Amino acid sequence: MRPKLTDVMAAARSFVRSSNPENELFLVNFNERVTVGLPDIIRFTNRVDELEPARLRASLSGQTALYDAVIEALDRSRSGSRDRKC
């Protein structure tokens, strides 16, 4: 069964709001293309008010470029300045 879009968006909102305030976050939107949700001048943020508009910019049509989105997310996460936790 395919999840409803409203459920996916609500889950993303809950994840951002419940994250540790010291975490660096970014958003990768994807359908047939991969786009980064934050403006180019903001690589990472811990501010919900910057992530909410980025989440809403997602284009919700077409096929999915999931593998391309994972590659983009991995590349971006490597450029973070904070230590990673396993």
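Per-structure values
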item: Residue ID - surrounded by the fewest Cβ atoms within 10 Å (Cβ to Cβ), chosen from residues in region 27-40 that are modelled with pLDDT of 80 or more and more than 14 Å from ILE71 (Cα to Cα); result: ASP40
item: Residue in region 3-20 that is assigned to a loop (DSSP other than H, G, I, E, B) and at pLDDT 80 or above present; result: yes
item: Residues located in region 4-37, provided they are over 12 Å from GLU72 (Cβ atoms) and in contact with a strand residue (DSSP E or B) (Cβ under 8 Å, 6 or more places away or on another chain); result: VAL16, SER19, GLU24, LEU25
item: Matching residues, region 46-63, being modelled with pLDDT under 70 and either closer than 19 Å to PHE15 by Cα or surrounded by 12 or more Cβ atoms within 10 Å (Cβ to Cβ) (or both); result: ARG55, LEU56, ARG57, ALA58
item: Options ARG43, ARG76; residue that is within 14 Å of the chain's Cα centre (by Cα), surrounded by 10 or more Cβ atoms within 10 Å (Cβ to Cβ), in a loop (DSSP other than H, G, I, E, B) and modelled with pLDDT of 80 or more; result: ARG43
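The values are calculated or read from the model by the stated rules, or taken from the named source; none is laboratory data. Owing to the predicted nature of the structure, the values given are computational and were not obtained by experimental measurement. We place every Cβ from the backbone using ideal geometry, glycine too, and count neighbours over all the protein chains shown.
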